[in-house]
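In what follows, a structure is listed as structure tokens, so that the remarks can point back to it.
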Amino acid sequence: MNKVNFLNDYSETGCPEILEEMYRLSLEKNLPYMNDKHTLIAKEYIRNKIKDKDAEIQFMITGTQTNLVAAAAFLRPHEAIICVKDAHINVHETGSIESTGHKCLSVDGVDGKVTAKDIEKICGPSYWDNAGILCVKPKMVYISQTTEIGTHYSLDELKSLRNVCDKYGLYLYLDGARLGSSLACSDVGFSDLAKYCDSFYIGGAKNGAALGEALVIINDKLKEDIGFIAKQNGAVLAKGWILALQFEILMRDGLFEKNGEYSTKMAMILKEKLLNIGVCFDVETFSNQLFPIFTNQVIEKLEDYALFDLIKTIDEDRKVIRFVTSWATKLEDIEFLVSKIEKLQS
């Protein structure tokens, strides 16, 4: 039987608005290496969206590639990145950051988020008076919006991080793989990212694009030679318009926000229905990622009906799994999933 898919938010090829436009323009001739008109248009849309006309923008293929290029471009050889223990760059990117020669300095965080106290602990006197130049130098703080466990930073939290980064001369870099969902569930908007971050990326692949991410650089110190460094790391696509055209469409009439709002709305519908049948959650989230707790017996039987991720073990009888909704999630799939869970729990 076909299983309902709540495994991730990038199982579909891409949203119809993008695929139809790509098909319509399939015979259009474009200049290579992002010297095309679609790249110029998409960049202008993004600059208008974030309210920063001077932002540097590079379109890349994947999130891992974008994070790798950012580390390679922004950091000197002795400098390191502060992140939470379960950060994507620290756990799920196969050591790509370390391959650039830079170390991830992991902190405990709170609810999957780096805090000002975490940064103070690493950058303050208790760290440096003891070791000083014997240790790598923290230089960049990596956060993701939403986080690896589906939580999000509030505007006040973002401001707090900016303040402590300024105190210690750190760059603040935001991974926006699921930025679409975060815009729908947080009070942090596009312009806030440009105001408080030195750099961030806008995730396309998890919000309706067939592929692609847009690296946005605000801090003038980080802009120099970014194109050279991206190319050196295999991040400049000869057919660059394929990436740019997708962001042109996503940004043109609010499709990016619309997709994020829909995926988040579907998750909240699923969350409410699960709560109504007595399901508990490992962490409180308001994004398109949910982390319910089920017995091993329920999980084993649920695998016959649905695709999802196993996240962690609570005890010998229970585990946490992950459901992810997307721009393409259907209400009937949610109802089917909940009905099966209700029967399995009875």
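The spacing between segment 233-252 and segment 184-220, judged by their C-alpha centroids, is 15 Å.
Net charge of the neighbourhood of I81, taken over other residues with C-beta under 12 Å away and scored Lys/Arg +1, Asp/Glu -1, is -1. The calculated pair-distance distribution of segment 238-346 uses every alpha carbon pair, bins of 10 angstrom beginning at 0, and gives 13, 40, 25, 14, 7, 0 percent. Dipole orientation for segment 237-304: of the candidates L270, F294, I249, I249 has the Cα lying most toward the positive pole (charges on Cβ; Lys, Arg +1; Asp, Glu -1). Skip the ligands, DNA and RNA, and give the accessible area per residue of the chain with a 1.4 Å probe, whole Å². Value for the chain: 46 Å² per residue.
The 3J(HN,Hα) values that the Karplus relation (6.51, -1.76, 1.60; θ = phi - 60°) gives for segment 99-106 are, in residue order, 5, 7, x, 10, 9, 8, 9, 8 Hz. Gly and Pro appear as x. The length gained by stretching the chain between A238 and T62 to full extension, at 0.36 nm per residue less their Cα-Cα distance, is 61.9 nm. Size descriptors for segment 290-338: radius of gyration and Dmax over Cα atoms are 11.4, 35 Å.
Within the shell defined by Cβ-Cβ distances under 10 Å, the residues around I50 carry a net charge of +3, with Lys and Arg each +1 and Asp and Glu each -1. Note on segment 130-153 and segment 69-115: Cα centroid distance 6 Å, given to the nearest whole angstrom.
Cross-link partners of K239 among lysines, defined as those whose alpha carbon lies under 22 angstrom from its own and excluding same-chain residues fewer than eight positions apart: K29, K37, K43, K206, K231. In terms of accessible area, using a 1.4 Å probe and ignoring ligands and nucleic acids, R252, R162, R24 rank largest first as R24, R252, R162. For the chain, the mean residue ellipticity at 222 nm estimated from helices alone is -12500 deg cm²/dmol, where every DSSP H run of n ≥ 4 contributes -39500 (n - 2.57) and the total is divided by all residues, rounded to the nearest 500. Atom-type composition of the exposed protein surface of the chain places 50 percent of the accessible area on carbon and sulfur (1.4 angstrom probe).
The values are calculated or read from the model by the stated rules, or taken from the named source; none is laboratory data. None of the values given here were measured: they were computed from a predicted structure. Virtual Cβ from ideal backbone geometry, glycine too; neighbours counted across all protein chains shown. Protein only, heavy atoms only, side chains kept; ligands, DNA and RNA dropped before computing areas. Shrake-Rupley method; radii C 1.70, N 1.55, O 1.52, S 1.80 Å.
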